[in-house]
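The values are calculated or read from the model by the stated rules, or taken from the named source; none is laboratory data. Quick caveat: nothing in here was measured; it's all calculated off a predicted structure. Glycine also receives a Cβ, built like all others from the backbone with ideal geometry; neighbour counts cover every protein chain displayed. The accessibility values were calculated without ligands, DNA or RNA, using every heavy atom of the protein model including side chains. Shrake-Rupley method; radii C 1.70, N 1.55, O 1.52, S 1.80 Å.
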Amino acid sequence: MRQFLLFISIIAVGLLFIARLFFLQVYNASGHNLYEDNAIRKVYDYPKRGFVYDRNGELLVANQPSYDVMVIPREVEPLDTLEFCELLKIDKKSFISKYNKARHYSPRLPSVLVSHLSKEDYAVLQEKMRKFQGFYIQKRSLRDYETTIGANVLGDIGEVNNNDIRRDPYYKMGDLKGKQGVEASYEKTLRGVKGIKFIQKDRFNKNIGPYKGGNFDTIPEQGKDITITIDTQLQAYGELLMQNKRGGIIAIEPATGEILSMVAAPTYDPNLLVGRDRSKNFTKLYNDSIAKPLFNRSLQGVYEPGSPFKLMNALIALQEGVVTPNETVTCYAGYKYGNRFMKCHCHRGTRNDMIGGIQRSCNAYFATTYRKILDKNGNASEGIDTWSKHAQSFGLGNFLNNDLFVGQKGRIPDRAYYKNIYPNTFYSTYTISNAIGQGEVATTPIQLANMAAAIANRGYYYTPHIIKNIEGETLPEQFTVPKYTTIDRQHFEPVIEGMLQVYKKGTAASLQIKDIDICGKTGTVENFVKIDSVKTQLTDHSIFLAFAPKNNPKIAIAVFVENGYWGSRFAGRIASLMIEKHIKGYTTRKDMEEWLLKHSLENEYAKPFSGESFGINGYTTLQIVKEQEYQRLKKELNRINKSES
C-alpha cells in the first residue's frame, strides 16, 4: 500500500505542476495579466492626433515629431549622471527630482524623464543611449499650430496629472492630453488609441524579442480629423480689433448655432504652449493675474448685460400682455420710484412707444414695463418667477449644454434667489435695476450672442457649438434640434424693428454699414471693483448686441469691451465691422477700423494701480497707441484682407 501511496503522491504533484503551468501559460495568458508581468516590457506606440480644420477647410492644427526620454527605475544601473544630464540639457537637481518622481509612480513601469527632445538632441542622444541602462527614447507627436490666432478656441495639450490617470485608466504617467479649448473638448476623438508591444526579457533583464511572436501586440489607431465652425479670417479680424483691449466676442450663425468667431482678449500665440518651453510659458501666462490671458472672457466673463437686456423685458411684456407695441410712456429724463431716481438720456417730456423706447434706450420706458410684468397679478413674488422663466428659455442663467470646455451659468434671479434678501414683503421696485440689465442680472458674452440669435430667428435657437464635422460621424442631436423660447413669434417683430431703428436713427446711428440692415442694441454698464477694500466705480463697460441682415440673418454677435466707456464707442464699432466682414467678405468703414487700431484701453486698465481718475459716463481722452504698434496692426490688417481676397 505504501508503494502505491508514494506513486500516487508523485502523480498528484506532477498533475499539480502541470495544472499550474497550464494556468500560467495558457489560461492566464491574457492581455490584462501581461501588464502585471515583470518579465515583459511594455512599449506604447502613440498614434498621431487628428488634424483640426476651420469651416472653410483651412488647416489649423497638425502634428510634428517629438521624442521623450523614458525611464524604468528598477532597470537603471549606475551611470555617469553628469554626462547624461549634459546630453539631456538639464541640471543634476532636475534629473534627481524627475527620477524620484518616476520611481514613486512605479519602479517597474516606464515614465517620462525628459519630454519634447528636438530632432537634433535626439540624434546626438540616440547614439549613446546604450550606455544608460533603464532608459530609452520614445517617439510621439506634438501639436504643430499652423496659425498664431485662436489660442482660446484651439487650446493646447499637456502632460496628464494624477487626477487624470485616476479618472481614466487609459492614461499613463507622461501621456499627453488636451488641456483647454477644442483639444480638451474633443480629446477622445482627437487622441486616437495607443498601440502596445510586449517585449520578452530574459533573466538578465535583456530584451529577447516579441512576446508570443507579437500575438498580443496592438497597432495604434490614429485620431480622427475634425472641422470646427470657426471662420479663421473673421477670428483673426476680431482678435486684431481687440488688440490693446480686454473683453470677449462671440459671433453665431443663427440658422445653425455654429460659432463663427470666439475672441477672448488679451490672447496669446498657441505655439507658446508647445515643446520644452511649454511649462515655462504656461507659468508665465498663468501668473499674469492682471491681464489674465488664459481666462476665456467670451465664455467665462460674467457681466451685467446692460441695455441689451431691455429687449428681453420688451418680449416678456408683450408675451404677458401687459403692454402693446403702440402704448407710450413719457420720460422725464429718468424714472422716479419712491425717493429714488433712475436717470435717462432722453429729453424731458419724450414720449416713447416700444420701438422708440428701444431706439433711444429709454430707462423710464423699461422701468415701467418691468414693473407691469412683475405686478401683473398683484404679486411681485409670482411675477419675478414668471419673468425669470421667460428669460431662462433663451438660455440665460444656465449652462448652454454646448461642446465648449469652459463656461459660466450667469444669473437670472427668481423668487428663491431674493428670498434671503426679502423674506417677507417683496415689491417690484426692489429689483428695478433688472429693468435695464443691471442689478442682479448677469450674463456671459456667449449667452448674450445666443439671445441675439434667438431674436433673429423669431423665437428659437440652436445650441451654440464649435464642432462642424467629425470624420466618419454625424453631429449629436443636441446641436441640430431647435430649442424654442416661451415667446410667441409675432411678438418679435416690434422688438426687431426697434433694433433696426437703433442703427437708423438711434444710439448706433453713426455705425451704419451701407447695404446691410443691421439690428442692434447698445449697452453701457457700470463697473465696480474693490480697491483696498473700498467699493470703487471704474470706467463703464462697452457692450453691443446685434444681428444682420434683418431678414434671413447670417450672423448674430455680442461684444463686451471692459472699461470701454459706452456701447457704441468700442463694442458697437467692433460688432458693425465684424458683421460687414462676414457678410461682404471685406469692410468699407475704414474710418472705424483706423479708430479702433489707433486707440488703446491699456491706460484704463492701469488706473486701479496708478491712482488716476476714471472716465465714468464722460469723454476722457483715450490713449493713442504708439506709432510702431499702430504700423504693426496696420500690417496685420493688410495681411488679413489679402487672405480674405
Just order 581-591, 291-301 by mean Cβ neighbour count inside 10 Å, highest at the front, would you? 291-301, 581-591
Accessible area per residue, 1.4 Å probe, Å², for the chain: what's the number? 47
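Can you bin segment 376-490 into rounded, prolate or oblate? Criterion: square roots of the alpha carbon gyration tensor eigenvalues sorted a ≥ b ≥ c, rounded for a/c under 1.5, prolate for a/b above b/c, oblate for the rest. Before the final figure, lay out the partial values.
Values: a/c = 2.85, a/b = 2.10, b/c = 1.36.
It comes out prolate by the Cα gyration axes.
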Rg to Rh for the chain: what is it, with Cα atoms only and Rh by Kirkwood? 1.11
For segment 151-168 versus segment 470-518, the gap between their alpha-carbon centres in whole angstrom: 36
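From the protein chains alone at 1.4 Å, what is the descending order of accessible area for Trp387, Trp595, largest first?
On the way: Trp387 0, Trp595 50 Å².
Result of the area sort, largest leading: Trp595, Trp387.
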Please get the size of the charge dipole for segment 479-583, origin at its Cα centre, with Cβ charges of +1 on Lys and Arg and -1 on Asp and Glu, quoted in debye to the nearest 20. 160
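Run the dipole for the chain about the Cα centre, Lys and Arg Cβ at +1, Asp and Glu Cβ at -1, nothing else charged, and hand back the magnitude in debye, nearest 20.
Details: 85 positive and 68 negative charges, 201 e Å.
About 960 debye.
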Quick one: what does P(r) look like for segment 230-350 with 5 Å bins over all Cα pairs, in whole %? 2, 8, 11, 13, 14, 11, 9, 11, 9, 5, 4, 2, 1, 0
Taking segment 288-336 on its own, what percent of its Cα-Cα pair distances exceed 16 Å? 66
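Give the shape of segment 545-598 as rounded, prolate or oblate, defined through the alpha-carbon gyration tensor: a ≥ b ≥ c are the square roots of its eigenvalues, a/c under 1.5 means rounded, and otherwise the shape is prolate if a/b is larger than b/c and oblate if not.
Numbers: a/c = 2.82, a/b = 1.33, b/c = 2.12.
Oblate, because a/c is 1.5 or more while a/b does not exceed b/c.
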Looks like segment 440-551, by Cα gyration tensor root eigenvalues a ≥ b ≥ c and the a/c under 1.5 rounded cutoff (else prolate when a/b is bigger than b/c, oblate otherwise), is oblate
Taking a 1.4 Å probe, which of Leu59, Leu117 shows the most accessible area, and what order do the others take after it? Leu59, Leu117
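Against the 2.2 N^0.38 Å scaling, with N counting residues, where does segment 105-203 land? I'd like the Cα-based Rg ratio to two decimal places. Show your work: numbers first, answer last.
Working: Rg = 16.1 Å, N = 99, 2.2 N^0.38 = 12.6 Å.
Compactness ratio reported: 1.28.
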Can you work out ³J(HN,Hα) from phi for every residue in segment 426-432, in order, using Karplus 6.51 cos²θ - 1.76 cosθ + 1.60 and θ = phi - 60°, giving whole Hz and x for Gly and Pro? 9, 10, 4, 5, 5, 10, 4
Just to check I understand the Karplus step: with θ = phi - 60° and J = 6.51 cos²θ - 1.76 cosθ + 1.60, what whole-Hz values come out for segment 569-583, glycine and proline as x? 6, 10, 4, x, 4, 4, 4, 4, 5, 5, 4, 5, 4, 6, 7
Quick one: check the C-alpha center-to-center distance for segment 412-456 versus segment 291-355, whole angstrom. 12
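Could you work out the helix-only [θ] at 222 nm for the chain, with each DSSP H run of four or more residues adding -39,500 (n - 2.57) and the total divided by the number of residues, to the nearest 500 deg cm²/dmol? Numbers along the way, then the final one.
Details: 23 runs with 222 residues, N = 645.
Mean residue ellipticity, 222 nm, calculated: -10000 deg cm²/dmol.
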For Asp217, what residues show an amide H to amide H distance below 5 Å, using hydrogens built from the backbone and excluding near sequence neighbours? Phe198
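Only Lys, Arg, Asp and Glu count, each charged at its Cβ (+1, +1, -1, -1), so figure out the dipole size of segment 293-420 about its Cα centre, rounded to 20 debye.
On the way: 16 positive and 9 negative charges, 99 e Å.
It works out to roughly 480 debye.
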Convert each backbone phi in segment 119-136 into a coupling constant with the Karplus relation 6.51 cos²θ - 1.76 cosθ + 1.60 (shift: θ = phi - 60°), then list the ³J(HN,Hα) values in order as whole Hz, x for Gly and Pro. 4, 5, 5, 4, 4, 5, 6, 4, 5, 10, 5, 4, 7, 10, 5, x, 10, 8
Using only protein heavy atoms and a 1.4 Å probe, report how much of Leu500 is accessible, in Å² to the nearest 10. 20
Charge-dipole axis of the chain as Lys and Arg at +1 and Asp and Glu at -1 on Cβ define it, positive-most pick from Gly520, Pro325, Pro413: Pro413
Could you point to the residue in Pro110, Leu125, Ile137 farthest towards the positive end of segment 98-147's charge dipole, with +1 and -1 charges on the Cβ of Lys/Arg and Asp/Glu respectively? Pro110
List the residues, sorted by chain then number, that are 5 or more residues from Glu327 or on another chain and whose placed amide H is less than 5 Å from its amide H. Met354
Segment 233-303: D in µm²/s via Stokes-Einstein (Kirkwood Rh, Cα pairs, 10 °C, 1.306 mPa s)? 119
